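Trainee: Let me begin by handing over the structure; questions about it come next.
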Amino acid sequence: MRILVLNGPNLNLLGVREPEIYGRRDYAALERFIREAAAELDAEVEIFQSNHEGVLVDRIQAALGAFDGIVMNPAAYTHTSVALLDALKAVALPAVEVHLSDPDSREAFRHVSYVRAACLKTVSGLGFESYRQALRFLAAYLRGEREA
Ligand code: DQA
């Protein structure tokens with residue numbers, strides 16, 4: 001089972017960026033956390049971060065035939081990007097939306113998620129743990145298990 005984990009803009013600044021919201025652990029720590037969570041599930045994982053919308057579109061397109069599913073934190077593009085929504089719809093791979101914080105309980109402009117319409121589930125508000133829950137759900141889904 002091969003899962004692509006995509007992280008959007010400013011997540012490379014974890015630890016520095018608004019630590020009261022996103023925590024004090026850095027992006028390298030998030031990558032380690034994701035690799036450990038994937039290993040627990042016997043899933044292969046590739047992790048990629050970009051600050052550029054088109055680069056993320058390219059990675060989603062390239063996932064077709066190479067990955068079984070996608071876990072994505074589109075970060076700010078969550079709330080703006082029809083292009084990411086269309087890319088997810090185009091490849092039609094099972095996808096899970098993930099957020100460290102809970103955008104639904106923050107500013108009103110964060111309450112809209114364009115990508116959500118192309119995702120099986122959204123996991124948010126659990127910090128790094130959101131990624132573990134998203135990977136667990138996706139792995140169970142890909143294995144054909146009912147309960148995730
Ligand atoms: C985020 C939430 C978004 O609203 C924000 O723009 C981010 C990070 C999160 O993980 O909590 O950059 O996706």
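Read-outs throughout are calculated quantities, based only on the coordinates presented, and are distinct from any laboratory measurement. Worth saying up front: this structure is predicted, and the values here are computed from it rather than measured. No Cβ is skipped: glycine too gets one built from the backbone with ideal geometry, and neighbour counts run over all protein chains shown.
Trainee: Using a Gaussian network for the chain with springs between C-alpha atoms less than 10 Å apart, which of these wobbles most: Ala28, Ala108, Ala37?
Mentor: Result for the chain, Cα springs under 10 Å: Ala108 fluctuates most.
Trainee: Could you line up Met72, Met1 from fewest to most neighbouring Cβ atoms inside 10 Å?
Mentor: Fewest-to-most Cβ neighbours within 10 Å comes out as Met1, Met72.
Trainee: Continuing with this model, one more query. In nm, to one decimal, how far is the Arg25 label point from the Ala92 one, both placed 7 Å along Cα→Cβ?
Mentor: 3.7 nm
Trainee: Over every pair of different alpha-carbon atoms in the stretch 2-142, take the mean of 1/r and invert it; report that Kirkwood radius in Å.
Mentor: Details: mean 1/r = 0.0678 Å⁻¹.
14.8 Å is the Kirkwood radius here.
Trainee: Same structure, new question: Under a 5 Å amide H to amide H cut-off, with H placed in plane at 1.01 Å, what residues pair with Ala95 once short-range neighbours are removed?
Mentor: Ile70, Leu120
Trainee: For the stretch 101-142, what mean projected area does the convex hull of the alpha carbons give, in nm²?
Mentor: 3.1 nm²
Trainee: Give me the one-decimal nm value for the distance between modelled label points at Ala66 and Ala39, 7 Å along each residue's Cα-to-Cβ direction.
Mentor: Each label point lies 7 Å from its Cα, and together they span 2.4 nm.
Trainee: Then there is this: Taking 0.36 nm per residue of sequence separation and subtracting the Cα-Cα distance, how much length would be gained by fully extending the chain between Asn51 and His111, in nm to one decimal?
Mentor: Between Asn51 and His111, full extension yields an extra 19.5 nm.
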